[in-house]
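Report on the structure given below.
The values are calculated or read from the model by the stated rules, or taken from the named source; none is laboratory data. Please read all numbers here as calculations on a predicted model, not as lab measurements. Because the Cβ atoms are built from the backbone with ideal geometry, glycine has one as well, and the counts that use them run over all protein chains shown. Surface areas here come from the heavy atoms of the whole protein model, side chains and all, with no ligands, DNA or RNA. Shrake-Rupley method; radii C 1.70, N 1.55, O 1.52, S 1.80 Å.
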Amino acid sequence: MHLIVENLTCVRGGRTLFADLSFRLASGESLRLQGPNGSGKTSLLRILAGFLELDSGTVRVDGVENDADIGEQCHYVGHLNGVKSTLTVGENLEFWCSYLPGTEINTALDRFALGDLQDIPAGMLSAGQRRRLGLARLLVADRPIWFLDEPTVSLDTGSCRIFAELVEAHIGAGGMVIAATHVPLGVEFQKSITLGKMAGADQ
Amino acid sequence: MFGLGPHYGFIFASYAIVAFVLAGMIVWIAWDGRTQRRLLAELEAQGVTRRSKRHGSASADPDAVFSGSDK
Amino acid sequence: MKEFMSLVRRDLLLSWREGGAIGTALGFYLIVVAILPLGLGPDLNLLSRIAPGVLWVALLLAALLSVDRIFHNDYEDGTLEALALGPLPLEAITAAKCLAHWISTGIPLTLTAPVLGLLLNLDAQAFAVLVLTMLVGTPAVSFIGAIGAALTLGLRRGGLLLSLLVLPLYIPILIFGVSSVSAVISGPSSFTASFLILCALSMASIVLAPLACAAALKLNLQ
Amino acid sequence: MQKYANPTRFMKIADAVLPWLTTATVILFVAGLYLTSVAPPDYEQGHTVKIMFIHVPSAWLAMMCYTIIAASSVGSLIWRHPLADVSAKTAVPIGVAFTFLALVTGSLWGKPMWGTYWVWDARLTSVLVLFFLYLGLMALWQAIEDPSRAGRSAAILAIVGFVNVPIIKFSVDWWSTLHQPASVVKMSGPAIHSSILIPLLVMAAAFTCLFFVLHLRAMQNEILRRRVMAMRLLQVERAANVEAGAPAE
């Protein structure tokens, strides 16, 4: 399975964030997006996930049986966790399990050490716990492509290590990860792209 | 009065209001046009060239804001 | 279909947990209907003549209060983005959320209407018709209101703007809802005509509103 | 997607067309005003029929303008035509003005005819609802800062509104027949005798030409406004570069 991006251009509010960006990612590969704030990392991730319409260029995935669009093949972890505070931890994950659809929630709960918090309303969790609950969605439904935008924000070092192992496992199992992060994830990325002023967007 | 019959007041009132509003629109659009042109001239005088002749920089071309509004 | 139902169930569970939203809508409905006789005077036959109109207008305003809740909470905490990546297209997501909103807000408001009808000395035989027309009319209220909610997502004073955008679109529902109820009481026109048109309006909005909502959501999800 | 050439080409075309259109407007207005002043009084309402010569064109313009906004919205949403946004945005305030004029002249005409300033007649009520739709559009335009998002949100609302205009018109007509108190004379149009029809048509033509002059001019202003905004953005960006120590090109 390949994710193919060809001469992608994105203009936001009159400013060209990046122009004629092309790259290719195969199963089992990871890509790190670098660059200062506002250089278009988030916009690129949102374009790839299908939220943001692109000005020109193409983004496509080949080697997928039912040629579902990228949206159904990926997880997108943004700054927001996607957690409902009036539902309990278990109910949150149960919903994603029946909606995405996923297999079961226990592995997700255990890997993110949320097992004993299952019946507590998510509103009462700390920021770090709530972030882990948001990230747990990655394990509820098995999807090949992960788009991660500053995933380890408000995570403590222990959880960061756990998360790094999960990402490594996902890549090892043939998944793809594109991450935009300032903090080193503890994962060595095979490829990396730098956006914004420093590199001069005239590649 | 003016041979317009008993309700001349209403006739004058409606014509006056129409004239006032239409004239108001004409004046506002003319004035707005003049200010935009003046601002444009000032900006160009300060060297913010419209068609970015400079090589490579990712600066926006003013009309790019249209392609920006294309999304 | 399973995902559609799980989304509807989740929304119902959420509105059940956040009871406040329905409570405010019902409370507002009660207060608006109660203060009108205070303003218009206790003359009973005047009240019974305007009762259908008052009950419908107050219902529309009460529903309007709770309509922006359809997308707002999910938009704020990022759930809407995750939903959009699910198997359901945006149109189906909108339809599910509007259906949940109708069940959680439209039906309770409809069930309280006859109680408030007593305050306004509504005619006896009009009660059943009132509930019937409101049951048929409230889906359109939720679906058309959702268009306004989707358009004003993420705006600071979205709520105020929402009512300005949506109330003109509610006028046909109001006119045919009231005329079908007053047709039973006294009105010159036939009940079936206005009632069938009201059903048509509701069905049309159930089918067409999700399209407009999805387009607006695509815009605001950027 | 003609990105760049379009706005500049439009400016040139508009500059070429505007002088002719303005002279046509002036001529039509002079002819129209002369014809209305010599028009014979209506046997029923006397000279108050002269109000019709400006009320009907305003109401007609209000409807036509909304149609133009809906058409531009389709253009901006589906074909992403860059000028469609500009046309839709600039047509809204003009539409509001004409709808307001239609309502005011309608009620000033109603006073001598029916004795009250506002009568819930089907046509006046529909124009009032159209006025609310316009206010909604204007409010939505101002509520969203980012021009491209505002354009497309307003386009969606305009299309939804346009689909609803016939429904609202139908329901208001139904409603007014239900509540038609026998006493009020329905606003029957006066017998359209040629001596009245000709001034009406000339005035309608004058109003339409004026609309296009204003609309084209307003579109030019909007294009200039967006250029000014873009260039200010450029200035900010260059200033940021200077601060960030990057070589200010």
What is the residue count in segment D:212-228 for residues that are free of Cβ contacts under 8 Å to residues at least 24 places away in the same chain and more than 7 Å from chain B (Cβ to nearest Cβ)?
0
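Residue by residue, here is whether (1) modelled with pLDDT of 90 or more; (2) touching a strand residue (DSSP E or B) at 6+ places or on another chain (Cβ under 7 Å); (3) closer than 27 Å to A:Thr86 by Cα holds:
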{"residue": "A:Pro121", "(1), (2), (3)": "no, yes, yes"}
{"residue": "A:Met124", "(1), (2), (3)": "no, no, yes"}
{"residue": "A:Arg130", "(1), (2), (3)": "yes, no, yes"}
{"residue": "A:Asp149", "(1), (2), (3)": "yes, yes, yes"}
{"residue": "A:Gly186", "(1), (2), (3)": "no, no, no"}
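Inside segment A:167-184, can you point out the residues that are crowded, with 21+ Cβ neighbours inside 10 Å and of a type in the set (A, V, I, L, M)? Show your work before the answer.
Initial filter on segment A:167-184 (crowded, with 21+ Cβ neighbours inside 10 Å): A:167, A:170, A:175-180.
If the condition is that a residue be crowded, with 21+ Cβ neighbours inside 10 Å and of a type in the set (A, V, I, L, M), then A:Val167, A:Met176, A:Val177, A:Ile178, A:Ala179, A:Ala180 are the ones that fit.
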Looking only at segment B:34-59, and only at residues there that are modelled with pLDDT of 80 or more and in contact with a Leu (Cβ under 7 Å, 6 or more places away or on another chain), the one that is nearest to A:Leu195 (Cα to Cα):
B:Leu40
Please count how many residues of segment C:112-130 are open to solvent by less than 10 Å² (accessible area, probe 1.4 Å) and either of a type in the set (Asp, Glu) or without any contact (Cβ under 8 Å) to a residue 12 or more places away in the chain (or both).
0
What's the number of the condition D:Phe132 fails, among (1) over 15 Å from the mean Cα position of the chain (by Cα); (2) assigned to a helix (DSSP H, G or I); (3) more than 14 Å from chain B (Cβ to nearest Cβ)?
(1)
Please work out which one of (1) at the interface with another protein chain (Cβ under 8 Å from one of its Cβ atoms); (2) open to solvent by 40 Å² or more (accessible area, probe 1.4 Å); (3) free of Cβ contacts under 8 Å to residues at least 12 places away in the same chain is the condition C:Ile171 fails and give its number.
(2)
With the checklist (1) open to solvent by 20 Å² or more (accessible area, probe 1.4 Å); (2) more than 10 Å from chain B (Cβ to nearest Cβ) in hand, flag the one item D:Ala91 doesn't pass.
(1)
Boolean, D:Lys50 is within 9 Å of another protein chain (Cβ to nearest Cβ) and either open to solvent by 10 Å² or more (accessible area, probe 1.4 Å) or in contact with a Ser or Thr (Cβ under 9 Å, 6 or more places away or on another chain) (or both):
yes
Under 7 Å by Cβ, and 6 or more places apart or on different chains, what pairs join a residue from segment A:148-175 that is closer than 13 Å to A:Ser27 by Cα and in the same structural domain as A:Ser30 (by TED's automatic domain parsing) with one that is among the polar types (S, T, N, Q) and crowded, with 16+ Cβ neighbours inside 10 Å?
A:Ile171/A:Ser30
Tally, over segment A:70-89, of residues that are in a loop (DSSP other than H, G, I, E, B), of a type outside the set (D, E, K, R) and buried (at least 19 other Cβ atoms within 10 Å of the Cβ):
5
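Among the candidates A:Leu33, A:Leu17, A:Leu44, A:Leu3, single out the residue that is in contact with a Ser or Thr (Cβ under 6 Å, 6 or more places away or on another chain) and crowded, with 21+ Cβ neighbours inside 10 Å. Full working, then the answer.
Details: A:Leu33 fails: in contact with a Ser or Thr (Cβ under 6 Å, 6 or more places away or on another chain); A:Leu44 fails: in contact with a Ser or Thr (Cβ under 6 Å, 6 or more places away or on another chain); A:Leu3 fails: in contact with a Ser or Thr (Cβ under 6 Å, 6 or more places away or on another chain).
Sole residue among the options that is in contact with a Ser or Thr (Cβ under 6 Å, 6 or more places away or on another chain) and crowded, with 21+ Cβ neighbours inside 10 Å: A:Leu17.
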How about segment A:27-67: which of its residues are closer than 22 Å to A:Gly102 by Cα, among the small types (Gly, Ala, Ser) and under 18 Å from the mean Cα position of the chain (by Cα)?
A:Ser27, A:Gly28, A:Ala49, A:Gly50
Quick one: which residue in C:Pro87, C:Pro108 is in a loop (DSSP other than H, G, I, E, B) and open to solvent by 10 Å² or more (accessible area, probe 1.4 Å)?
C:Pro87
Return the residues of segment A:12-59 that are at pLDDT below 85 and outside any strand (DSSP E or B); say none if nothing qualifies.
A:Gly13, A:Gly14, A:Gly35, A:Pro36, A:Asn37, A:Gly38, A:Ser39, A:Gly40, A:Leu52, A:Glu53, A:Leu54, A:Asp55
Residues of segment C:108-165 classified as charged (D, E, K, R) and modelled with pLDDT of 90 or more, total:
0
Give the residues of segment B:10-25 that are more than 7 Å from every other protein chain (Cβ to nearest Cβ) and either of a type in the set (Lys, Arg) or open to solvent by 40 Å² or more (accessible area, probe 1.4 Å) (or both), sorted by residue number.
B:Phe12, B:Ala16, B:Ala19, B:Phe20, B:Ala23
Which numbered condition in (1) touching a helix residue (DSSP H, G or I) at 6+ places or on another chain (Cβ under 7 Å); (2) away from chain A (no Cβ under 14 Å); (3) closer than 22 Å to C:Leu130 by Cα; (4) open to solvent by 20 Å² or more (accessible area, probe 1.4 Å) is the only one that C:Ile31 fails?
(1)
Scan segment C:144-160 for residues that are more than 8 Å from every other protein chain (Cβ to nearest Cβ) and open to solvent by less than 10 Å² (accessible area, probe 1.4 Å) and jot them down.
C:Gly145, C:Ala146, C:Gly148, C:Ala149, C:Ala150, C:Leu153
D:Trp118 passes all but one of the listed conditions (1) in a helix (DSSP H, G or I); (2) surrounded by fewer than 19 Cβ atoms within 10 Å (Cβ to Cβ); the exception is number (1)
Scope segment B:26-49; condition within 8 Å of chain D (Cβ to nearest Cβ), open to solvent by 30 Å² or more (accessible area, probe 1.4 Å) and aliphatic (A, V, I, L, M); matching residues
B:Ile26, B:Ala30, B:Leu39
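In segment C:69-80, which residue that is open to solvent by 30 Å² or more (accessible area, probe 1.4 Å) and in a helix (DSSP H, G or I) is modelled with the lowest pLDDT? Full working, then the answer.
Of segment C:69-80, the ones open to solvent by 30 Å² or more (accessible area, probe 1.4 Å) are C:69, C:72-73, C:75-77.
Narrowing the set further to residues that are in a helix (DSSP H, G or I) leaves C:69, C:72-73, C:75-76.
On the way: C:Arg69: 85, C:His72: 90, C:Asn73: 89, C:Tyr75: 92, C:Glu76: 90.
Here the residue is C:Arg69.
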Within segment D:37-44, is even one residue part of a helix (DSSP H, G or I) and in contact (Cβ under 8 Å) with a residue 60 or more places away in the chain?
no
Restricting segment A:96-106 to residues that are in a helix (DSSP H, G or I) and open to solvent by 20 Å² or more (accessible area, probe 1.4 Å), which is nearest to the other protein chains (Cβ to nearest Cβ)?
A:Ser98
Failed item, numbered, when A:Pro151 is tested on (1) open to solvent by 20 Å² or more (accessible area, probe 1.4 Å); (2) in a loop (DSSP other than H, G, I, E, B)
(1)
Looking only at residues that are within 28 Å of A:Leu48 (Cα to Cα), assigned to a helix (DSSP H, G or I) and at pLDDT below 90 in segment C:177-222, which one is farthest from the other protein chains (Cβ to nearest Cβ)?
C:Asn220
So which residues in segment A:63-77 are modelled with pLDDT under 90 and either more than 7 Å from chain C (Cβ to nearest Cβ) or within 25 Å of A:Asp119 (Cα to Cα) (or both)?
A:Gly63, A:Val64, A:Glu65, A:Asn66, A:Asp67, A:Ala68, A:Asp69, A:Ile70, A:Gln73
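Given the options A:Leu117, A:Leu109, A:Leu80, A:Leu93, name the one that is of a type in the set (A, V, I, L, M) and within 8 Å of chain C (Cβ to nearest Cβ). Even if it seems obvious, please write down each step before you answer.
Working: A:Leu117 fails: within 8 Å of chain C (Cβ to nearest Cβ); A:Leu109 fails: within 8 Å of chain C (Cβ to nearest Cβ); A:Leu93 fails: within 8 Å of chain C (Cβ to nearest Cβ).
Matching residue, one of A:Leu117, A:Leu109, A:Leu80, A:Leu93: A:Leu80.
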